[in-house]
Amino acid sequence: MSTIPVDISPAYEPAGYGGEGFFATSLDKVVGLARKNSLWPLPFATSCCGIEFMSTMSATYDFARFGAERLSFSPRQADLLMVMGTISKKLAPVLRQVYEQMAEPKWVLCMGACASSGGIFDTYSVLQGIDRIIPVDVYVPGCAPRPEQVLDGIMQIQKLAESESIRRRDSLEYKQMLSRYGIE
Amino acid sequence: MIEYLPILFMFVVAAGFVVFTMVVTHLLGPKRKSKIKLETFECGIESQGNARLPFSIKYFLVAILFVLFDVEVIFMYPWAVNFKQLGLAGLLEMFAFIGFFLIGFFYIIKKGALKWE
């Protein structure tokens, strides 16, 4: 078995001013560092992408090393909504409610062709992409994506979480973005 | 007394840390208290009715009976392991224990606690 070529680094200190026994940096960076390395995903797995996610969680790919050890099956404690699989139109309000009940700040990772665009299911009953009902941060293409791709998607989410301003979720821009999806 | 002062400090620091982090997270953390956000989480489905409903007393009876017989079996295991050392006295004590138990068992059967219909 070959090794997995993923560029992984431990959580280093952010840029700042340090000396003998002290370190000073901006609050944004500290909060970003904490958020980046302690994402709690909510797996919304509806089909085969969920099976790939199970393999991502297991020992070979070891999702837990990204600080995402603890999967949350309640939206209350989750930071990251991982939508994996076909979302039918009947399930759409459920997904939307789960998204709305998550605590801020929250990110959405959309895994696989079905969740991103409806995939091969171009029919009356399937939602043609979850970005019609909720905002999506990262799309992972594939049918189904390999665990390496999921890990890459997670690392993209980590970059977003790390670089996000702590004021962003209170900003008018963010509220306008949500209101475009009809979310209060 | 003075040598216990560090323990007091430790309590003050521990409580202070909790208060500090709770206050800071409430000030820093973004919040969105919309109506849907504050609704009961029922896996994304609308909740039906009230959760505080009266349950049938049978659930309670079954649970209590299960606990009683469970404890009886738990007592029997160490007795069975030490059966030879405890000898006749142990045997009689266990019979007495089971006897008391069976009296209670007959009592609940007479009272009709196990009649389901």
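The values are calculated or read from the model by the stated rules, or taken from the named source; none is laboratory data. For clarity, every value in this text was computed on a predicted model and none was experimentally measured. No Cβ is skipped: glycine too gets one built from the backbone with ideal geometry, and neighbour counts run over all protein chains shown.
With respect to residue A:79, determine if the residue is over 24 Å from residue B:41 (Cα atoms) and not hydroxyl-bearing (Ser, Thr, Tyr).
Values: over 24 Å from residue B:41 (Cα atoms): no; not hydroxyl-bearing (Ser, Thr, Tyr): yes.
Judged against the criteria, residue A:79 is not a match.
What about residue A:166, is it within 11 Å of chain B (Cβ to nearest Cβ) and either in a helix (DSSP H, G or I) or touching an Asp or Glu at 6+ places or on another chain (Cβ under 9 Å) (or both)? Let's see the steps before the verdict.
Details: within 11 Å of chain B (Cβ to nearest Cβ): yes; either in a helix (DSSP H, G or I) or touching an Asp or Glu at 6+ places or on another chain (Cβ under 9 Å) (or both): yes.
Yes, satisfied.
With the condition being modelled with pLDDT of 85 or more and away from chain A (no Cβ under 14 Å), I'd like the helices (runs of 4 or more DSSP H) fully within the stretch B:1-83 carrying at least 3 qualifying residues.
Working: elements: B:5-28, B:35-38, B:57-81.
Those helices (runs of 4 or more DSSP H) span B:5-28, B:57-81.
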Among the residues in the stretch A:61-76, are any out of contact with any Lys or Arg (no Cβ under 9 Å at 6 or more places or on another chain), of a type in the set (Gly, Ala, Ser), more than 12 Å from chain B (Cβ to nearest Cβ) and closer than 30 Å to residue B:28 by Cβ?
yes
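So that you can scan it fast, the table gives a plain yes or no per residue for (1) among the acidic types (Asp, Glu); (2) surrounded by fewer than 14 Cβ atoms within 10 Å (Cβ to Cβ); (3) under 30 Å from residue B:47 (Cα atoms):
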residue: A:11; (1), (2), (3): no, yes, no
residue: A:25; (1), (2), (3): no, no, no
residue: A:50; (1), (2), (3): no, no, yes
residue: A:66; (1), (2), (3): no, no, no
residue: A:71; (1), (2), (3): no, no, yes
residue: A:87; (1), (2), (3): no, no, yes
residue: A:96; (1), (2), (3): no, no, yes
residue: A:99; (1), (2), (3): no, no, yes
residue: A:105; (1), (2), (3): no, no, yes
Working only within the stretch A:88-107, note down all residues that are part of a loop (DSSP other than H, G, I, E, B) and either at pLDDT below 90 or of a type outside the set (Lys, Arg) (or both).
A:91, A:101, A:102, A:103, A:104, A:105
First in the stretch A:32-47 and under 30 Å from residue A:88 (Cα atoms) and outside any helix (DSSP H, G or I), second anywhere and of a type in the set (Ser, Thr, Tyr) and at pLDDT below 90, Cβ under 6 Å, 6 or more apart:
A:40/A:72; A:42/A:72
The correct count of residues that are under 13 Å from residue A:159 (Cα atoms), of a type outside the set (A, V, I, L, M) and more than 14 Å from chain B (Cβ to nearest Cβ) in the stretch A:24-44 is 2
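Matching residues to (1) in contact (Cβ under 8 Å) with a residue 24 or more places away in the chain; (2) exposed (fewer than 10 other Cβ atoms within 10 Å of the Cβ); (3) out of contact with any Lys or Arg (no Cβ under 7 Å at 6 or more places or on another chain); (4) of a type in the set (Ser, Thr, Tyr):
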site	(1), (2), (3), (4)
B:35	no, yes, yes, no
B:39	no, no, yes, no
B:59	no, yes, yes, yes
B:72	yes, no, yes, no
Keeping to the stretch A:57-73, report how many residues are touching a residue at least 24 places away in the same chain (Cβ under 8 Å) and in contact with a strand residue (DSSP E or B) (Cβ under 9 Å, 6 or more places away or on another chain).
6
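Picking from A:94, A:98, A:138, which residue would you name as being in contact with a Cys (Cβ under 9 Å, 6 or more places away or on another chain) and free of Cβ contacts under 8 Å to residues at least 12 places away in the same chain?
A:94 is the lone residue from the list that is in contact with a Cys (Cβ under 9 Å, 6 or more places away or on another chain) and free of Cβ contacts under 8 Å to residues at least 12 places away in the same chain.
Only one residue in A:150, A:138 is surrounded by 17 or more Cβ atoms within 10 Å (Cβ to Cβ), closer than 15 Å to residue A:50 by Cα and away from every other protein chain (no Cβ under 14 Å). Which one?
After applying the criteria, what remains is A:150.
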Looking at A:143, A:110, A:114, which is the one that is part of a helix (DSSP H, G or I), away from every other protein chain (no Cβ under 13 Å) and either out of contact with any Lys or Arg (no Cβ under 7 Å at 6 or more places or on another chain) or buried (at least 19 other Cβ atoms within 10 Å of the Cβ) (or both)?
A:114
Qualifying positions in the stretch B:84-117 - at pLDDT 90 or above and among the acidic types (Asp, Glu)
B:93
